[in-house]
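Here is the structure we will look at.
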Amino acid sequence: MTLQRMDNVGIVVDDLKAAIAFFTELGLELEGEGRVEGTFADQCVGLDGVSCDIAMMRVPDGPGRLELAKYLSPAAGPMTPQRPPHNLVGMHRVMFTVTGIEDVVDSLRPYGGELVGEIARYGDTTKVCYVRGPGEIFVGLAEYLT
């Protein structure tokens, strides 16, 4: 058995259109949208009566993909506590390399992007920050300076 590649990262969202707009603004491209339901979906996720709208986003000129999923049934519950901190067990984030990190953060604000903490600088090599997006999604941004 050999691992071939990492195919995608999946995130459950409460507003698919808002999430698509947020990640489009970040620079990802919408690869396609569709609905997943039926026995196959039930078996994959271990739930009964699954109906889920999905959107596959891709990194331009790269192999990375992000799958956004909006559960219609069974309805997805909110993460608890409200405004969860990043250090909760099971919490996740997606990290992207960008240029002009300050401008990227500013451009995401109209799409629900909110800076968590601040843009931190690691020596002369890197700037890193977390942005909270629609539906409490955590996105990491890194700008390599060298």
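FYI, it's all coordinate maths here, none of it is from the lab. Owing to the predicted nature of the structure, the values given are computational and were not obtained by experimental measurement. Quick reminder, even Gly has a Cβ in these numbers, built from the backbone with ideal geometry, and neighbours come from all protein chains shown.
Miscellaneous remarks
- The set of residues from the range 19-33 being out of contact with any Phe, Trp or Tyr (no Cβ under 7 Å at 6 or more places or on another chain), part of a helix (DSSP H, G or I) and buried (at least 16 other Cβ atoms within 10 Å of the Cβ) comprises A19, I20, F23.
- Among the residues of the range 34-45, those identified as part of a strand (DSSP E or B) and loosely packed, with under 13 Cβ neighbours inside 10 Å are G34, R35.
- Pairs, first touching a residue at least 24 places away in the same chain (Cβ under 8 Å) and at negative phi in the range 121-145, second acidic (D, E) and surrounded by 16 or more Cβ atoms within 10 Å (Cβ to Cβ), C-beta under 7 Å, six or more apart: K127/E143
- Looking only at the range 105-130, and only at residues there that are touching a Leu at 6+ places or on another chain (Cβ under 6 Å) and surrounded by 12 or more Cβ atoms within 10 Å (Cβ to Cβ), the one that is nearest to L26 (Cα to Cα): V105
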